[in-house]
Amino acid sequence: MLLSDVVAASAAVGATRSRKSKIATLAGLLRAAAPDEVPVATAWLSGELRQGRVGTGWRTLSGLASNPAAEPSLQVTAVDATFGELAGTAGTGSVARRAALLGELFGAATAEEQQFLVRLLGGELRHGALEGVMLDAVAAAAEVPAAAVRRAFFLSGRLPETAALAIAGGAAALDAVSLQVGRPVRPMLASPAESLDAALADIGADSCVEYKLDGARIQVHRSADGEVKVWTRTLREITAAVPELVELVKGLPCTTVVLDGETLALRDDGRPRPFQETMSRFGSAGGEELLRPYFFDCLHLDGADLLDAPLAERLDALQRVAGAHRMPGAQRPSGEEAADVLAAALDAGHEGVVVKALDAPYAAGRRGRAWQKVKPVHTLDLVVLGAEWGYGRRTGSLSNIHLGARDPDGGDPIMVGKTFKGMTNELLAWQTSTFPALVREDKGHEVLLRPELVVEIELDGVQRSTRYPGGVALRFARVVRYRPDKTPAEADTIDAVRGLLAGQ
C-alpha cells in the first residue's frame, strides 16, 4: 500500500461530517491493506505513530516541506521503518543521521504526502480523536461486532494490534483477549449527574455512594513474582515515581491483584493538597509529598478475573485484600445516608461523590450510566484551542484562552467559549512560556494552538448561542486547573456540553 492511499483516506475523512462516511472510508482502506500494513495505517489514521514520539520538532518539519516529488512512490511499511529508525537514533552523530533520514523521506514525498507527514510527526493529526470512529471502522472491515472490537481494545490498550487481530482472526481472536496482570486496561469512567437525587433515582437502591477525590487515577498490578506496576488513567507507567505505593501493594495479603483507585497527597490535617502537587510526583522518582492510595475497585484477585462480576462481588474482593485502603462510602444507603456521605466528602475538601450500580460489571474504557459523579458545581474538561495577549496588568501574558469540546465523530474540537477567569499569576506565566511551542498560527493579538492541552473549567451552565459552531456557549467559565493526566481524546464531548443545556 502506498502512503498516498492513507493520505487520500485521511483527506476524505477530514472532508466529511458524516460518521457513517468516515467509517466506510477507513474500513475500505483497512480491507485493502496487507496484514503488516493494518497496524501502521490504523495508528496513523488515529493520529499516532506506532513508535510514539520520534523527536522531531515543528521548526525542523516546516523546513522540510519543499521540493515535493511529482508522483507518489512511498510505501507504508517503508515509511514506518523510517519512523522506527528515527526513534532509535541517538548519541554521537544522531543529529546528522536524523536530518538525513528526514530529508530522504520528505524528498520522496508528494506535496500532499509532505503535509500529511508534517501533521503526523508534529502530533496534529486528530490527536487520537478518531479513536471511536476507528474502532467502528475496524469492526466494519473485519465484519465483527463493534462491541467485540472495543472490549479487546480496552483490555489490551493497543488499537493497532487490535485492528490487526480483528482483521486476521475475526471475532474468535478478539474474544480470546483477556485481562493480563501486568498489562493495564482502559479505566471505567463516570458520567456527570445533575444531582445526587437524580443519580440515586436513575441507578436505584442497589447502589453504593463513594467519595470523589481531587486526586489522580491509578491502576496497580501485582504479579505472581511480586513485581508491582502502577499506571495513570492514560496508561502511562509511573511505577518509579511512586515507591510508597509500590511498597504498600507488595505488602497486601495476596499473590496477584489488579486494583483501581485514586491517589493524592494530604496535608498534616488530613485534607487534600492541590491536584498539581499530586501530579508533580509523577514526573520523577519519589518526592517530598507522600501519596496515599484510595482503592475503589478490584479487577483481579489471586487468579480470578473479576471484570464481568457485579460491583458488589468486586467490592467484597477489595475488602479482603485492601480493606484498610478503600475509598470511603456507603453501600445501599438511604437518601439521607447518601446525602451524609456527600456532605462528609465536601467537608473533607473533596470534589463530591460517585454513585455506582452494585450489579454492574466493570466496563473498561466506557463512560456509562452505571457510574455517575455528583459535584456541587458543573465542571468540564475542555481542549485549549488558542489564547489572546492580555492588557492592563496582564500585558505581556497569554491570557484569554479559547475552549473546545471534543467532536465524538472524530472532527476537530468544537469551540464553545473563552475565559480569562481563575488564572493566578503563576498560571499566566506558565501559559505564556508553554503556549509558544504549540502555536499553529500567530494572528498578532492572538495565537491559535495545536489541540494538545486539556483544562478543567468550572461553569454555572451553558446557554444557546449562534456565536460558536456548537450552538452553545459556556456561562461564567473559570479555570480550575490544567489536566496533564488527560489527553484531548478524553476531553468532554460537545454532547456533554449540550447536555448541561438540556438539564437547565
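The values are calculated or read from the model by the stated rules, or taken from the named source; none is laboratory data. Everything numeric in this text was worked out from a predicted model, so none of it was measured. Every residue, glycine as well, gets a Cβ built from its backbone with ideal geometry; the counts of neighbours run over all protein chains shown. The accessibility values were calculated without ligands, DNA or RNA, using every heavy atom of the protein model including side chains. Shrake-Rupley method; radii C 1.70, N 1.55, O 1.52, S 1.80 Å.
If the condition is being assigned to a helix (DSSP H, G or I), open to solvent by 30 Å² or more (accessible area, probe 1.4 Å) and within 25 Å of ASP197 (Cβ to Cβ), then the range 458-500 contributes ASP495, ALA496, ARG498, GLY499, LEU500.
Every test in (1) closer than 29 Å to ALA330 by Cβ; (2) surrounded by 18 or more Cβ atoms within 10 Å (Cβ to Cβ); (3) at pLDDT 95 or above is passed by ALA201 save one, and that test is (2). Among the strands (runs of 3 or more DSSP E) confined to the range 390-453, the ones with at least 2 residues that are among the polar types (S, T, N, Q) are located at 398-405.
Let's see how each residue does on (1) closer than 28 Å to GLU277 by Cβ; (2) free of Cβ contacts under 8 Å to residues at least 60 places away in the same chain:
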site: ALA140; (1), (2): no, no
site: ALA147; (1), (2): no, yes
site: ARG150; (1), (2): no, no
site: ALA163; (1), (2): no, no
site: ILE167; (1), (2): no, no
site: GLN180; (1), (2): no, yes
site: LEU213; (1), (2): yes, no
site: VAL220; (1), (2): yes, no
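Candidates are the residues of the range 363-389 that are not hydrophobic (A, V, I, L, M, F, W, C) and not in a strand (DSSP E or B); the one that is surrounded by the fewest Cβ atoms within 10 Å (Cβ to Cβ) is PRO376.
I'd like the full set of residues that are of a type in the set (A, V, I, L, M), under 16 Å from GLY329 (Cβ atoms) and modelled with pLDDT under 95, limited to the range 363-380. Result: VAL374, single match.
Regarding THR432, is this residue surrounded by 17 or more Cβ atoms within 10 Å (Cβ to Cβ), among the polar types (S, T, N, Q) and free of Cβ contacts under 8 Å to residues at least 60 places away in the same chain? Give the derivation first.
Details: surrounded by 17 or more Cβ atoms within 10 Å (Cβ to Cβ): yes; among the polar types (S, T, N, Q): yes; free of Cβ contacts under 8 Å to residues at least 60 places away in the same chain: yes.
Against the criterion (surrounded by 17 or more Cβ atoms within 10 Å (Cβ to Cβ), among the polar types (S, T, N, Q) and free of Cβ contacts under 8 Å to residues at least 60 places away in the same chain), THR432 qualifies.
Residue by residue, here is whether (1) among the hydrophobic types (A, V, I, L, M, F, W, C); (2) open to solvent by less than 30 Å² (accessible area, probe 1.4 Å); (3) part of a loop (DSSP other than H, G, I, E, B) holds:
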position: VAL13; (1), (2), (3): yes, yes, no
position: THR16; (1), (2), (3): no, no, yes
position: LYS22; (1), (2), (3): no, yes, no
position: ALA27; (1), (2), (3): yes, yes, no
position: ALA43; (1), (2), (3): yes, yes, no
position: THR60; (1), (2), (3): no, no, no
position: GLY63; (1), (2), (3): no, no, no
position: SER66; (1), (2), (3): no, no, yes
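Look at the range 204-234 and say how many of its residues are among the polar types (S, T, N, Q), open to solvent by 30 Å² or more (accessible area, probe 1.4 Å) and touching a Leu at 6+ places or on another chain (Cβ under 9 Å).
Taking the range 204-234 first, the residues among the polar types (S, T, N, Q) are 207, 219, 223, 232, 234.
Going one step further and asking which of them are open to solvent by 30 Å² or more (accessible area, probe 1.4 Å), we end up with 234.
Now restrict to residues that are touching a Leu at 6+ places or on another chain (Cβ under 9 Å): none.
Here the count works out to 0.
Among the residues of the range 385-411, how many are under 15 Å from VAL454 (Cβ atoms) and out of contact with any helix residue (DSSP H, G or I) (no Cβ under 8 Å at 6 or more places or on another chain)? Reasoning before the result, please.
First, the residues of the range 385-411 that are under 15 Å from VAL454 (Cβ atoms): 385-387, 401-407.
Subset that is out of contact with any helix residue (DSSP H, G or I) (no Cβ under 8 Å at 6 or more places or on another chain): 385-386, 402-404.
Summing the residues that are under 15 Å from VAL454 (Cβ atoms) and out of contact with any helix residue (DSSP H, G or I) (no Cβ under 8 Å at 6 or more places or on another chain) in the range 385-411 gives 5.
The listed residues are VAL185, VAL181, VAL177, and the only one of them that is crowded, with 21+ Cβ neighbours inside 10 Å and β-branched (Val, Ile, Thr) turns out to be VAL185.
ALA360: outside any strand (DSSP E or B), touching a Pro at 6+ places or on another chain (Cβ under 8 Å) and modelled with pLDDT under 95, yes or no? The answer is no for ALA360.
With respect to VAL416, is the statement that it is without any contact (Cβ under 8 Å) to a residue 60 or more places away in the chain, open to solvent by less than 70 Å² (accessible area, probe 1.4 Å) and within 25 Å of GLY14 (Cβ to Cβ) true? Reasoning before the result, please.
Working: without any contact (Cβ under 8 Å) to a residue 60 or more places away in the chain: no; open to solvent by less than 70 Å² (accessible area, probe 1.4 Å): yes; within 25 Å of GLY14 (Cβ to Cβ): yes.
No: the conditions fail for VAL416.
Each residue in the range 417-437 was checked for being modelled with pLDDT of 95 or more and within 24 Å of SER46 (Cβ to Cβ), and 0 pass. Just one residue in the set LEU165, LEU155, LEU174, LEU117 is at pLDDT below 95 and closer than 21 Å to LEU235 by Cβ; that residue is LEU155.
Which members of the range 84-94 meet the condition of being surrounded by 12 or more Cβ atoms within 10 Å (Cβ to Cβ) and part of a helix (DSSP H, G or I)? Within the range 84-94, GLY84, GLU85, LEU86, ALA87, SER94 meet the criteria.
Looking only at the range 254-274, count how many residues are open to solvent by less than 10 Å² (accessible area, probe 1.4 Å) and farther than 30 Å from GLY303 by Cβ. Explain how you work it out, then say what you get.
The first filter runs over the range 254-274 and keeps only residues open to solvent by less than 10 Å² (accessible area, probe 1.4 Å), leaving 257-261, 263-265.
Checking the rest, the ones that are also farther than 30 Å from GLY303 by Cβ come to 264-265.
Number satisfying all stated conditions: 2.
Count of the range 121-132 residues, restricted to those that are surrounded by fewer than 24 Cβ atoms within 10 Å (Cβ to Cβ) and closer than 21 Å to LYS20 by Cα, is 5.
Any idea which of ALA70, ALA81 is small (Gly, Ala, Ser), open to solvent by 20 Å² or more (accessible area, probe 1.4 Å) and either more than 30 Å from GLY169 (Cβ to Cβ) or modelled with pLDDT under 85 (or both)? Steps first, answer last, please.
Working: ALA81 fails: either more than 30 Å from GLY169 (Cβ to Cβ) or modelled with pLDDT under 85 (or both).
Unique residue meeting the criteria: ALA70.
Residue by residue, here is whether (1) among the basic types (Lys, Arg); (2) open to solvent by 50 Å² or more (accessible area, probe 1.4 Å); (3) at pLDDT below 90 holds:
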{"position": "LEU252", "(1), (2), (3)": "no, no, no"}
{"position": "GLN276", "(1), (2), (3)": "no, yes, yes"}
{"position": "GLY283", "(1), (2), (3)": "no, yes, yes"}
{"position": "LEU290", "(1), (2), (3)": "no, yes, yes"}
{"position": "CYS298", "(1), (2), (3)": "no, no, no"}
{"position": "ASP308", "(1), (2), (3)": "no, yes, no"}
{"position": "ALA317", "(1), (2), (3)": "no, no, no"}
{"position": "MET327", "(1), (2), (3)": "no, no, no"}
{"position": "ALA330", "(1), (2), (3)": "no, no, no"}
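In the set (1) touching a residue at least 12 places away in the same chain (Cβ under 8 Å); (2) more than 28 Å from LYS22 (Cα to Cα); (3) open to solvent by 40 Å² or more (accessible area, probe 1.4 Å), ARG97 fails one condition alone, (1).
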